[in-house]
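Notes follow the structure.
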Amino acid sequence: MGADTVTKPATRTTAQARRAIPPLLLHLGAAIIALVLVVALTLATDPFTNLRIATVGYYVLALAGLAVLTGMGGQISLGHGAFLFIGAYTVGLLVIHAPSLPIWADLIAAAVAGGIAGLLTGAAAARLHGPYLAGATLALAVGLPAITQRFPDFLGGSNGLSFTVNSEPAGLAVPSTRWQAWLVWLTVLIALVLLANIARGRLGRRMRSVRDDEVAASLAGIHVGRTKIVAFLISAACGGLAGGLQAFLLGTAAPGSFTPALSLSLLAALVLGGIGSLWGALWGALALVYFQAWAEDVSDALQLPTPVANNLPLALYGVILIVITFVAPHGIQGGLRRLGALAHRTRGGNR
Amino acid sequence: MDRFLDLTLNGISSGAVYAALGLSLVIIYRATRVVNFAQPALALVAVYLAYAVNKATGNYWLAFAVALGAGVVMGAVVERVLIRPVQRKSELSAIIVTLGLLLVLQALVGMIWSNEPHAFPYAFDFRGRFSTNDAFAVGLVVVTASALLLLFKVTPIGLKMRASAFRPDVARLLGVRVGLMLTLGWALAAFVGSIAGMIATAPFLYPNVLDGVFVYALTAAVIGGLDNPIGTIIGGFVLGVGLSYVSGYLGPELVTMAALAILVVVLAVRPNGLFGTTIARRV
Amino acid sequence: MRRSIRLGTVLAAGTLVLAACGGAGETGGGGGGKPASGANATAGVTDTSVVIGTHQPLTGPAAPGYSKISVGAKAVYSYINDAGGINGRKIDYRVEDDGYNPAKTVEVVKKLVLQDKVFAIVGGLGTPTHSKVIDYLNTEGVPDLLVSSGALMWDDPVKHPMTFGFQVDYTREGKIQGKYIKDNFGGKKVGDFFQNDDVGRDAQAGLDQFIKDQTVSRQGYDTANTDVGPQISALKSSGAEVVVCSCIPAFAALMILTAAKLGYHPQFVISSIGADPATLSGLLTQFAKQAGSTVDGNALLNGIIGTGYLPGVGMADDPWTTFFKKIHDKYIPGEAFTDTLVFGMAQAYTFAQALKLAGRDLTRQKVVDAMASGQIAGPGLIPFGFSKDSHSGYTGALVFKLDGKGKETVLRQPQVTDRGTGAVTAATGQRQTPDQVALVSG
């Protein structure tokens, strides 16, 4: 999962050791370990915690996709929720209208649909910079879900779609949320392995050089526009798949779940987690799911007057965003790295 | 024809709001290269303060003045305390700080005044196809915008502000207090934002009341060109009228999609907005 | 890149093997893991308490108008608990904020069921939201009582045996409005102003049975867009003399003000979800007062026709209104006493009745049986439709007119009807007073 090598490897020996193993195997090994951990964790926890673990899973994927676009590619998108919207509706429509398709086919379709949307968005947005791109993508997040109102019979209007996804193999007697957590994380980890490889590969290098300096990149023979479009495509495919997983998990696809607030909070969570690496996506997803839960518990426990209690979680989230930007501008992952480097230096000094 | 006129007038009133809030975004963008997502929240706080003052004293114009004053103070404070420390770090840091501020302020007004709607008055009689109040709103926006343009183009302080925004190093060498100019830019922007809030909010006030307005204001600014105040004003009115036609002739559910379509078409032809210059491009 | 794609294919094939258990949309193929409802028959129940939960929009764009319902409900539960609870059990009421986001609704309802182990979900709010958890609650055997929405889907005892409605459904209400208009404004041009979802659609199905030929214009609104100028101007130019508003209070108020702006003065007929006189007059007269002498708030309200099924705050003499006012004054004196608050209070009181009927030896099935027993005659002005074959809430409405101060005068006594094409008839049966129901002695 260690994707974007912004900082130098800790020591020469680990660097050499890393280089000795092909990155693909390294990532695959990490993914298998992660999957084992997730399965162990779900076995040790109750069904509702399983649901939360699964929720973290699809947010990790959504944020990882955004990390490719914004962290690696330098394109700021305020419309990532639109791709989740597309993925969720793809799965919902397929479950309802093509019930014989297995869930993995639905999920692949969600990723493809998201990718196509990303391709189109990327093509339209390739010439845009900074705030223009931000404004255009925000308009996408606001405008796209309204399509459900235009086709209320097919897309369910503002009520959206409601469905039950059957995926559990016969004879597997585990609580449904546990099975769902497994399937979500399996899918997410496969996608992350692909992303991590892309990040370390030629495409990742191209994206970073486009981000750092477009002119230099194009002088070096990199097709800037095409690279940006590919970044959008990959990012949106992840978003579509994440939305599809959400639909699979919750059995719903409705416009009210894909408001601009979702897109903004995804970006905020990514920055909170650390934008430069895929690890940041994990911290961001954990923050999205668990911070809110914690804030709600706090406001319940404090016995505050209703208007204060209702609004406290939002206020706390806002404060955390501001504080993190001030004290740890590279997010939680950046903070952890700095701590790690510090520890290493101290150890080195002692030696 | 009657209906066409109704829709046009309706669009002009909405357009004035988009133009005003868009203008406040542009002033900040020109000054500090930051898109201020907290702009609607700053305006919201100003309007809630006006609501409280109006309720306590019954004096609308005192309330209006309080809103504008609060806007100036909040704009300056936010720039000094929150934006300046992170502005040089990255474009994203500033965006995230303003997003965080948006959440905090919206939650704060909800805590104090609850999430339920409150009645909020118009400045003048609102009755009529193009009422006194509509005329006031449009007039106020046009006058404010013109005054700002004059300030930027003609006065020494405007020159200093522009210099600080575009060439801070040179400006500093010439003895301009760049920091002060940037703060002034934010204060001015929040002032204009408060005006937008005051004319956008009536008749009902609740914490999310300016969310939709903000999206269209940003759209207007992007259409017009984020560094071009005149372009943004034109963009605001064009968008207001255009969306009013879409809502009236094609259906209200298409309004947000129409805004997206307009944006895509404009940016496909002019990536920096209709009247934007390529200076906006920061590679 | 190419290698990683090949790898992805291999891994995807692995998933295929794992999950290849048939179509995702097919039912019945799934494995076990479903808890038998018997095991959870008494979830959330102890000797001294019973835990119930609800999902409400407390924050976000849908919060204005709805965030006070649970406040009213909480006051009634406090009143009941202070008097010793029901059958010796105090009611522990957990409110979860879903922000009107269906994905969040699924999450918080699963939290209530799996983590808080609630006995029942009571008054879950909203069609887009609650429709996403109705299957889950029924599969898990969780009583899903008194849903806060007028959609038709709550009344389906075969498919959803645990779910019961509360509000009069939009179609029944539309029929009663349609008949009243046909009888009293026959031949006049009618326009519709409706919320662009099932509220508008279902209401139209009812209205059309009576006044289809009179209807000259239909204008929908989207809750995200508060600019209703284009719609109202279309109604005006269509020449509609009567405008039916199937809408929530905020949009009813916007419609009234926008019409006043355009100099358009049709007869407004507002459905129960929007015709909350306290909220409307709160918004409109407060608005008028602040706007100085330019607007007469009373004139804005005066003459509006509404439909309703609960004793509103506009019926100060109703014994239930006085009863709820007493609870309000004791427990939540700081809140404005509105129909929204009364909605939550009436709902809570109705649930408490079912709980009492279910007896001391409480199980989930018993409370569902109590609901279907036909013995619940809640605070409403109309009988419930609850029986073995119907889970429909209030079965009709009365028609009233507002004066300038928000006081209601009954124009037509309670009417009942079905959701199909049956006739609209006068309601029969005796309505119980709070003293007769007397859940607790307090």
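How do A:Leu316, C:Leu125 stack up against each other in accessible area, from largest to smallest, with a 1.4 angstrom probe?
Numbers: A:Leu316 45, C:Leu125 5 Å².
Order by accessible area, largest first: A:Leu316, C:Leu125.
With a cut-off of 8 Å between alpha carbons and a minimum separation of six or more residues, what is the relative contact order of chain A in percent?
On the way: 536 pairs, mean separation 108.9, N = 351.
Rounded, it is 31 percent for chain A.
Beyond a 26 Å Cα-Cα separation, which of these cross-linked pairs lie in this structure: C:Lys104/C:Lys159; C:Lys74/C:Lys366; C:Lys74/C:Lys388; C:Lys325/C:Lys407? Kindly include the intermediate steps, with their values, before the conclusion.
Values: C:Lys104/C:Lys159 24 Å; C:Lys74/C:Lys366 23 Å; C:Lys74/C:Lys388 29 Å; C:Lys325/C:Lys407 16 Å.
Over 26 Å apart, Cα to Cα: C:Lys74/C:Lys388.
List the residues, sorted by chain then number, that are 5 or more residues from C:Gly220 or on another chain and whose placed amide H is less than 5 Å from its amide H.
The answer is C:Phe194.
Under the classification rounded if a/c is under 1.5, otherwise prolate if a/b is larger than b/c and oblate if not, where does chain B fall, given a ≥ b ≥ c as square roots of the Cα gyration tensor eigenvalues?
It is oblate, given that a/c is not under 1.5 and a/b is not larger than b/c.
In the neighborhood of B:Pro156, defined by Cβ-to-Cβ distances under 14 Å, what is the net charge if each Lys or Arg adds +1 and each Asp or Glu adds -1?
+4
How would C:His265, A:His97 line up by accessible area, probe 1.4 Å, largest first? Display every interim value, and only then the final one.
Details: C:His265 150, A:His97 115 Å².
These residues rank, largest area first, as C:His265, A:His97.
Name the lysines eligible as straight-distance cross-link partners of C:Lys189: C-alpha to C-alpha under 26 Å, and not fewer than 8 places from it in the same chain.
Reachable lysines: C:Lys175, C:Lys179, C:Lys212, C:Lys236, C:Lys261, C:Lys401.
Taking a ≥ b ≥ c as the square roots of the Cα gyration tensor eigenvalues, with a/c under 1.5 meaning rounded and otherwise prolate when a/b beats b/c, else oblate, which class fits segment A:49-89? It would help to have the intermediate numbers written out before the result.
Details: a/c = 3.52, a/b = 1.60, b/c = 2.20.
It comes out oblate by the Cα gyration axes.
Under 1.5 on a/c is rounded, so check that first for chain A, then, if it is not, pick prolate when a/b is larger than b/c and oblate when it is not; a ≥ b ≥ c are the square roots of the alpha carbon gyration tensor eigenvalues.
Rounded shape, in that the Cα axes give a/c under 1.5.
Can you give the net charge of the other residues whose Cβ lies under 10 Å from the Cβ of C:Gly308, counting K and R as +1 and D and E as -1?
Numbers: positive: none; negative: C:Glu173, C:Asp276, C:Asp339, C:Glu408.
Neighbourhood net charge equals -4.
Taking a 1.4 Å probe, which of B:Tyr60, B:Tyr249 shows the most accessible area, and what order do the others take after it? Intermediate values should be presented prior to the final figure.
On the way: B:Tyr60 25, B:Tyr249 120 Å².
My answer, sorted largest first, is B:Tyr249, B:Tyr60.
Quick one: plug the Kirkwood hydrodynamic radius of chain C (C-alpha pairs) into Stokes-Einstein at 25 °C, 0.890 mPa s, and report D in µm²/s.
Numbers: Rh = 23.0 Å.
The estimated diffusion coefficient comes to 107 µm²/s.
Output wanted: per-residue J couplings in Hz (rounded whole) for segment A:252-267, from phi through Karplus 6.51 cos²θ - 1.76 cosθ + 1.60, θ = phi - 60°, x for Gly and Pro.
These are the phi-based 3J(HN,Hα) values: 8, 9, 9, x, x, 8, 10, 6, x, 4, 5, 4, 5, 6, 5, 4 Hz.
Working out 0.36 nm times the residue gap between B:Arg177 and B:Tyr245, then minus their Cα-Cα distance, what length gain in nm do you get to one decimal? Show your work: numbers first, answer last.
Details: separation 68, 0.36 × 68 = 24.48 nm, distance 4.67 nm.
Residue separation times 0.36 nm, minus the Cα-Cα distance, leaves 19.8 nm.
Which percent, to the nearest 5, of DSSP beta bridges fully inside the protein assembly as shown are antiparallel? Show your work: numbers first, answer last.
Numbers: 19 of 50 bridges.
Roughly 40 percent of the beta bridges in the protein assembly as shown run antiparallel, per DSSP.
For A:Ile275, tell me the accessible area in Å² from a 1.4 Å probe, rounded to the nearest 10.
40 Å²
Mind pulling the per residue volume of the convex hull built on the Cα atoms of segment B:10-84? Å³ is fine. Mind dumping the intermediate values first?
Values: hull volume 7.3 nm³, N = 75.
Spelled out: Cα convex hull of segment B:10-84, divided by residues, is 97 Å³.
To the nearest 10 square angstrom, how much accessible area does C:Val313 have with a 1.4 angstrom probe?
30 Å²
If amide hydrogens are placed 1.01 Å from N in the peptide plane, which non-local residues have theirs closer than 5 Å to the one on C:Ala427?
C:Gln415, C:Val416
Considering only chain C, what is the antiparallel percent among its DSSP beta bridges, to the nearest 5?
Details: 15 of 46 bridges.
Here the antiparallel bridges make up roughly 35 percent for chain C.
Return one quarter of the surface area of the convex hull spanned by the alpha-carbon atoms of segment A:164-221, equal to its mean projected area, in nm².
Working: hull surface 24.9 nm².
Spelled out: convex hull of the Cα atoms, projected over all directions, averaged, 6.2 nm².
Leaving ligands, DNA and RNA out of it, report the carbon-plus-sulfur percent of the accessible area of the protein assembly as shown at a 1.4 Å probe. Can you show the working numbers first?
Values: 24290 of 39020 Å².
Carbon with sulfur: 62 percent of the solvent-accessible area.
As a test of the formula, what do you get for chain A when each DSSP H run with n ≥ 4 contributes -39,500 (n - 2.57) and the sum is divided by the residue count, at 222 nm and rounded to the nearest 500 deg cm²/dmol?
Working: 17 runs with 258 residues, N = 351.
Helix-only estimate at 222 nm: -24000 deg cm²/dmol.
Computed FRET efficiency, Cβ-Cβ of C:His265 and C:Lys330, R0 56 Å: what is it to the nearest 0.05? Write out the running numbers ahead of the final one.
Working: r = 42 Å, r/R0 = 0.75.
After rounding, the FRET efficiency stands at 0.85.
Which whole-number percent gives the relative contact order of chain B, counting Cα pairs below 8 Å spaced six or more residues apart?
Values: 453 pairs, mean separation 99.8, N = 283.
After rounding, I find 35 percent.
Measure of size requested: the Rg and Dmax of the protein assembly as shown, with Cα atoms as the atom set and Å as the unit; please supply both.
My reading of the Cα-based Rg and Dmax gives 29.3, 97 Å.
What FRET efficiency, computed as 1/(1 + (r/R0)^6) with R0 = 56 Å and r the Cβ-Cβ distance, is obtained for B:Val265 and C:Gln436, rounded to the nearest 0.05? Before the final figure, lay out each step's value.
On the way: r = 67 Å, r/R0 = 1.20.
For B:Val265 and C:Gln436, the calculated efficiency is 0.25.
Heavy-atom accessible area of B:Val266 with all protein chains present, probe 1.4 Å, nearest 10 Å²?
Answer for B:Val266: close to 20 Å² accessible.
Which is farthest toward the positive dipole end of the protein assembly as shown among B:Tyr206, C:Val51, C:Leu411, measuring Cα position about the Cα centre, with Cβ charges +1 (Lys, Arg) and -1 (Asp, Glu)?
B:Tyr206
Let me have the relative contact order for chain C, percent, based on Cα pairs under 8 Å that are six or more residues apart. Before the final figure, lay out each step's value.
Values: 887 pairs, mean separation 72.3, N = 442.
Across chain C, relative contact order equals 16 percent.
Given the -39500 (n - 2.57) contribution per DSSP H run of 4+ residues, what per-residue ellipticity at 222 nm results for chain B, rounded to the nearest 500 deg cm²/dmol?
Details: 12 runs with 205 residues, N = 283.
Mean residue ellipticity at 222 nm (helix-derived): -24500 deg cm²/dmol.
To the nearest 0.05, how large is the calculated FRET efficiency for B:Asp2 and C:Thr322 if R₀ is 45 Å and r is the Cβ-Cβ distance? List each step's numbers first, then the result.
Details: r = 50 Å, r/R0 = 1.12.
With R0 = 45 Å, the Cβ-Cβ based efficiency is 0.35.
Connecting C-alpha atoms closer than 10 Å in a GNM of chain C, tell me which of C:Gly150, C:Gly85, C:Gly429 has the biggest fluctuation.
Between C:Gly150, C:Gly85, C:Gly429, it is C:Gly429 that shows the largest mean-square fluctuation.
With just the Cα atoms defining each centre, how far is segment B:194-223 from segment C:111-142? Give it in Å.
For segment B:194-223 versus segment C:111-142, the Cα centre distance is 36 Å.
Would any residue of segment B:95-121 have its amide N under 20 Å from a label point 7 Å out along Cα→Cβ of A:Val323? List them or say none.
Correct set: B:95-109, B:111.
Please compute the average number of Cβ atoms from other chains found within 10 Å of each residue's Cβ in peptide A:151-160. Intermediate values should be presented prior to the final figure.
Values: counts 1, 5, 0, 0, 0, 4, 8, 12, 13, 6.
Shielding by partners across A:151-160 averages 5.
For C:Asp208 and C:Asp361, calculate 0.36 nm times their separation in residues minus their Cα-Cα distance, and state this gained length in nm to one decimal.
On the way: separation 153, 0.36 × 153 = 55.08 nm, distance 4.74 nm.
Stretched fully, the C:Asp208-C:Asp361 segment lengthens by 50.3 nm.
List the chymotrypsin sites (Phe, Trp or Tyr not before Pro) in segment C:99-156 that DSSP assigns to loop (not H, G, I, E or B) and whose Cβ has at most 10 other Cβ atoms within 10 Å. Which are they?
On the way: sites: C:Tyr100, C:Phe119, C:Tyr136, C:Trp154; in loops: C:Tyr100, C:Phe119.
Filter output for segment C:99-156: empty list.
The values are calculated or read from the model by the stated rules, or taken from the named source; none is laboratory data. These numbers come from a predicted model, not from an experiment. Methodologically, a virtual Cβ is constructed for each residue, glycine included, from the backbone with ideal geometry; neighbour enumeration extends over all protein chains shown. SASA here: full protein model, heavy atoms, side chains in, ligands and nucleic acids out. Shrake-Rupley method; radii C 1.70, N 1.55, O 1.52, S 1.80 Å.
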